[in-house]
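The values are calculated or read from the model by the stated rules, or taken from the named source; none is laboratory data. Nothing here was measured: the structure is a model prediction, and the numbers come from that model. Glycine also receives a Cβ, built like all others from the backbone with ideal geometry; neighbour counts cover every protein chain displayed. The area values use the complete protein model at the heavy-atom level, side chains included, leaving out ligands, DNA and RNA. Shrake-Rupley method; radii C 1.70, N 1.55, O 1.52, S 1.80 Å.
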Amino acid sequence: MNAADDARLDPPEGAETIRRLPGLADTDLPFRGHRRIKEHLMRETARDARPARTPIRRPLALFLAAGAATCAVALAVTFGVSSFDERPPVARPEPAAVQLLDRVALVAQEAPAPTVRDGQFLYTKTTGHSTSLSETAGGGMEAARTDESAERWVSVDGTAGTLTRNAKGNATDPARGKDNASLNGPTYRFLESLPTDPDHLLETIYADTRLNHGADSGSTTGPDQEAFVAIGDLLRTVEAPPGVSAALYRAAARIPGVILVPEATDAVGRTGVAIARVHKGERTEWIFDKGSLRLLGERTVLLKDSAWGKAGTPVTSVAIVGRGVADRAGQTPKQ
């Protein structure tokens, strides 16, 4: 299967992919995987049974700018959006995806927490690219890749600015302060404050996405897709406490339309299995190592030909290649 294939995975193929992954069987999961999945799908079925009202359609919009964030292209081409309460029915989370996310959550829960103290920095090194569109001399559109490889130092407690080092040099964002971190600009201390109950955590995330991407917001993506993107950003940008990471994965398993992709390749060529969600002809994928179930990176793949490229093209792809704790911004931790 490649990126241009059907967005949803046939159930037998999904089950086979899960079966081949190493680790505990579902019947051995301490949180009773089979029962959790059954109850989860029953809740989703009940929710999807509600009558859907006519969706609100928004006009076509095209933004022609290079994206600095890894999700920029997902926001670039839009063809209308439905509000949270007025959207057409969407698919329930795929059972194979729910199973994989539960396994990933168990691994995350058992991982050692980073040893940090206020005044230090969480370090993340990424390699990858985004895509931008520009107008040619002949009036056509041309897609070009932008290098998004970077090193970042994020203050543990928000008392210092975030340092970003990339091919263009160094840039420091203003300090957020201890009380001004948010889902869109998290610190480690902020992540520690998030609920570890997945339902409560997902409601916290949806409170933000409904406000900024719900009815009458002008958003082109909608709360479900933004919730999936927000969780991916949190997992990729700053290393979270183990309990919060596990809760984020289990919260993602409750988002409508989440699917499993059995084969995916990150920005440095590592192959793995992916959790994904399709939105307007693009599939956003979180890629995991098949052996350790560690998050390798994220990418957005075209499912049909467009000005951005051919079907199967990764328009954004970012791989996590280094993490650690530093005493000062600009210091590279020992790996």
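For a quick check of your reading: which strands (runs of 3 or more DSSP E) sit entirely within region 230-306 and have at least 2 residues that are open to solvent by 10 Å² or more (accessible area, probe 1.4 Å)? Before you say what the answer is, go through the steps one by one.
Working: elements: 258-265, 271-279, 282-288, 295-302.
In region 230-306, the matching strands (runs of 3 or more DSSP E) lie at 258-265, 271-279, 295-302.
Conditions first: (1) of a type in the set (S, T, N, Q); (2) in a loop (DSSP other than H, G, I, E, B); (3) surrounded by 21 or more Cβ atoms within 10 Å (Cβ to Cβ). SER217 passes all but one, so which condition is the exception?
Unmet condition: (3).
Among the residues in region 98-116, are any free of Cβ contacts under 8 Å to residues at least 40 places away in the same chain and either outside any strand (DSSP E or B) or loosely packed, with under 13 Cβ neighbours inside 10 Å (or both)?
Here is the first cut: in region 98-116, the residues free of Cβ contacts under 8 Å to residues at least 40 places away in the same chain are none.
Looking for residues that are free of Cβ contacts under 8 Å to residues at least 40 places away in the same chain and either outside any strand (DSSP E or B) or loosely packed, with under 13 Cβ neighbours inside 10 Å (or both), one finds none in region 98-116, hence no.
Considering only region 141-168, how many residues are within 22 Å of THR316 (Cβ to Cβ), open to solvent by 30 Å² or more (accessible area, probe 1.4 Å) and not acidic (Asp, Glu)? Give the derivation first.
Here is the first cut: in region 141-168, the ones within 22 Å of THR316 (Cβ to Cβ) are 141-152, 154, 162, 164-168.
When the remaining residues are screened for being open to solvent by 30 Å² or more (accessible area, probe 1.4 Å), the result is 141-147, 149, 151-152, 165-168.
Filter again for not acidic (Asp, Glu), leaving 141, 143-146, 149, 152, 165-168.
Looking only at that region, the number is 11.
Residues are listed down the side, and each one gets a yes or a no for (1) in contact with a helix residue (DSSP H, G or I) (Cβ under 9 Å, 6 or more places away or on another chain); (2) within 27 Å of VAL98 (Cβ to Cβ); (3) modelled with pLDDT of 95 or more:
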{"site": "VAL268", "(1), (2), (3)": "no, no, yes"}
{"site": "LYS280", "(1), (2), (3)": "yes, yes, no"}
{"site": "ASP289", "(1), (2), (3)": "no, yes, yes"}
{"site": "SER292", "(1), (2), (3)": "yes, yes, yes"}
{"site": "THR316", "(1), (2), (3)": "yes, yes, yes"}
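Counting only residues that are more than 30 Å from THR172 (Cβ to Cβ) and not in a loop (DSSP other than H, G, I, E, B), how many does region 117-145 have?
Pass one, region 117-145, residues more than 30 Å from THR172 (Cβ to Cβ): 135-143.
Narrowing further to those that are not in a loop (DSSP other than H, G, I, E, B): 135, 141-143.
Count: 4.
Count, please, the residues in region 201-232 that happen to be touching a Gly at 6+ places or on another chain (Cβ under 6 Å) and modelled with pLDDT of 85 or more. Outline the logic, then answer.
Initially, region 201-232 is screened for residues touching a Gly at 6+ places or on another chain (Cβ under 6 Å), giving 213, 223.
Right, trim to modelled with pLDDT of 85 or more and you get 223.
Going through region 201-232 one residue at a time, the tally reaches 1.
Can you tell which of ARG176, ARG210 is more than 29 Å from LEU133 (Cβ to Cβ), open to solvent by 20 Å² or more (accessible area, probe 1.4 Å), in contact (Cβ under 8 Å) with a residue 40 or more places away in the chain and among the charged types (D, E, K, R)? Step through it out loud before you land on a result.
Details: ARG176 fails: in contact (Cβ under 8 Å) with a residue 40 or more places away in the chain.
The unique qualifying residue is ARG210.
Just one of the numbered conditions (1) β-branched (Val, Ile, Thr); (2) in contact with a Gly (Cβ under 9 Å, 6 or more places away or on another chain); (3) under 22 Å from PRO242 (Cα atoms) is not true of VAL104; which one?
The one condition VAL104 does not meet is (2).
Scan region 277-335 residue by residue and report those that are farther than 22 Å from LYS125 by Cβ and of a type in the set (Gly, Ala, Ser).
Matches in region 277-335: GLY281, SER306, ALA307, GLY309, ALA311, GLY312.
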